[in-house]
Structures are given as structure tokens and as C-alpha cells.
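*Asks:* Sharing a structure below in C-alpha cells format, with a few things to ask.
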Amino acid sequence: MGFSLIIIDRNSVAGHLPELKQLTGNSDITYNYIKMNLNLLKVFDLLYSEQNATIAAERLGISQSAVSASLRKLRRIYADPLFERTQRGLKPTAQAILLHPRIADALALMQSTLPSTDAGVDLKQIVTIGLSDDLELAFGPELIKEQTEVLPGVRIIFQQTNSALVEAGLIDRMFDFALTAGGISDRRIGKTTLGQSGYGCVLANASQDTSEPISLPDYLARPHLLISYNGLVGVVDEVLSEIGHQRNIIAATSQFSMVPSYVAGTDIIATLPSHAATTLARIYGLRNTPCPVPFPATSVELSWRYETLRNEVMAEMRLLIERTFAKKSLLH
């Protein structure tokens, strides 16, 4: 996703001076917008969200020295350091924390005066959700159903991610929300736990009675399909190793949606989160049985950049996601 500086002349903001005075907290905005380059506000916004001058410069398409020069000007204007260097990057001062919501709103106001670059598409009505395909399988259809009823003007875009990539994806604005099993530690990102999911086993239906749970000897004797991002080892193998067992993995995939194709008509068994096991068994007519070994439950988290929720549509979408997961009853 590309970023560009906002170039605004005197006439283009003249009609918005009252709003800009309120949003930026500057009662003498008429003097300042003539005397200073308003692109400084964009520099401030990205320094605040990235907390790294190098990354901010890359996203703005300018040199790091230019970002540093802009920060010096901002410090003179607001008579405050605004950002302090720490081992983890640039930490905003108390003044910067107070300024950021108003500056971000001011930038949004300026952006709203410019024509859209995507004809026929209102970008404000697109919500991008990053999630793993097991969660998309189990909850995606219900999210779309709820969205069409509550937010009919919104288009949801689902993008694949996982716990290893989710934090960078949110910070880089690849998506607005994320649904993953953890992976968030950045203080710029908010999160809430939607519930927990255990594990279930999926295998082909046999002609004999399949109402009984699979036994441990049968489980270990079968060929296994590993579902893992790295294709090497999963939590199932770690738990089995602790009790002195090992399964026979004959193939690995990173996509839960591929499980039916691999297990149908074979003796292959796949161990996966219970919400995915339940959904795949229902859709494809597979056998879903409890695991013979207790595996630790996985927490499902909803995460977002804090600034995202200043948008009313995004704030409502967060509530919609939480309601949908509570109604679906696939988590506990």
C-alpha cells in the first residue's frame, strides 16, 4: 500500500479553518498553515503510529534526514519534544498523545476534500480482516450474514494471516482487524479474547459404527496429515512427545481447507482446532471425533490498531465481530 504527502494550498483549506483550529488544538491555525508545510502533520501522524523514523520515511517516500528535519520543526511549533528515543523506538510524550487524535482527525478532514483515486469505490466502506483459514471457514459466512443485516453498505475483505505475521500486518495497515491465536504484543494494537477452541480429529467416514471416540492405539496407528505454517511440527507433536508417543506424519499442509481433499477415502487422520473440525465435518460429511489425548485449548483473539476505532464503521464492525463469535457457539 503506497502513501503520499498531502499537498494543500491556502484556498483548499480556507473553508475548513474553524474545524482545523479545533482538531489540531491550535487557535492560530491561520498563521501556521501559511507559515508551515502541512505535510508536517503527516510526518507527525506516521511517527506516532510507527514509532520509528526509518519506517516513517519509507512510507512517506522521503529520506530519514527529511523526517528528522520535520520533527525538529514540529518540536519548535508545539514547544515539546513530542517523541523520545528509547530502545524500542520513538516513544510519544504526553503532549504528543494528546495531539495525535486531533491531528489524525485533521488529516482525515483534509483527505475528505480530495477526489477518490478509485472510481466507484468508497474506501471508507471497506473493512479488511486478516485471519487464518480455519477461522474463515468457521466464522466467515456468519460474519457476512451479520454484516449484510447490520452494515449493508460495507464490503468485507478476508486476507490470510497467522500468529507469526499478524502484528506486522496490522501495523503495516494490510488489514483493519485480525482474528488469530495470539501473536500480539505491540502497544499500538488493542486486542480482546473471543473465546477458546479445543482440538478435534477429522477422518473419512467408514461403513461401521463411528459413534465411539477414536482410541489412542487407532489414532497412533493411522497416517497423519499435519496442518502447520512451517510444515515441520505442531502442538500435537509436542504433547504426544511429552507422554512418550509419536505420530506418523505422511504429509503437511498450511491450509485447513485442504483437509477434506486429503482425508476423504483414505485412512488419514487430521488433528485441528475443534471449530474447524466441526465445520469441515458438517460441510463435507467427514467423521469428527474427540482427540484421545487432551490438547491445550487455543485462545482466539480479535485485534486492531487503536486509531482504527475512531472510524464509526470500524467501531461498529468490532462489535459485530464480537457478537457473531458469541452467537456461533463454536468457542468456549
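Nothing in this text is a laboratory measurement; each read-out follows from the coordinates by a stated rule. Nothing here was measured: the structure is a model prediction, and the numbers come from that model. Methodologically, a virtual Cβ is constructed for each residue, glycine included, from the backbone with ideal geometry; neighbour enumeration extends over all protein chains shown.
*Asks:* Please list, in order along segment 271-280, the HN-Hα scalar couplings obtained from phi with the Karplus expression 6.51 cos²θ - 1.76 cosθ + 1.60 (θ = phi - 60°), rounded to whole Hz, x for Gly and Pro.
*Replies:* 10, 8, x, 4, 5, 6, 4, 4, 5, 5
*Asks:* Now for a separate question. Which residues' amide hydrogens lie under 5 Å from the amide hydrogen of Asn52, considering only partners 5 or more residues apart or on another chain, with H built in the peptide plane?
*Replies:* When sequence neighbours closer than 5 places are left aside, the close amide H contacts are Leu90.
*Asks:* Can you pull out the trypsin sites (Lys or Arg not before Pro) in segment 160-193 that DSSP calls coil and that have at most 13 other Cβ atoms within 10 Å?
*Replies:* The qualifying sites are Arg187.
*Asks:* Next up: Mind checking the full-extension length gain between Arg155 and Ile250? Use 0.36 nm per residue of separation minus the Cα-Cα distance, one decimal, nm.
*Replies:* Here the segment from Arg155 to Ile250 would lengthen by 30.2 nm.
*Asks:* Let me ask something else. Give me the Debye-computed log₁₀ of I(q)/I(0) at q = 0.15 Å⁻¹ for segment 142-184, equal point scatterers on Cα only, no solvent, two decimals.
*Replies:* -0.44
*Asks:* How much FRET efficiency would the formula 1/(1 + (r/R0)^6) give for Thr193 and Ala315, where r is the Cβ-Cβ distance and R0 is 22 Å, rounded to 0.05? Walk me through the numbers on the way to the answer.
*Replies:* On the way: r = 19 Å, r/R0 = 0.86.
E between Thr193 and Ala315, to the nearest 0.05, is 0.70.
*Asks:* Give, in nm to one decimal, the length gained when the segment between Ile97 and Ile243 is fully stretched (0.36 nm per residue of separation minus the Cα-Cα distance).
*Replies:* Gain on stretching Ile97 to Ile243: 47.5 nm.
*Asks:* Okay, next question. Project the alpha carbons of segment 199-290 onto their principal axes and report the range along each, largest first, in whole Å.
*Replies:* Here the spans come out as 32, 27, 21 Å, largest first.
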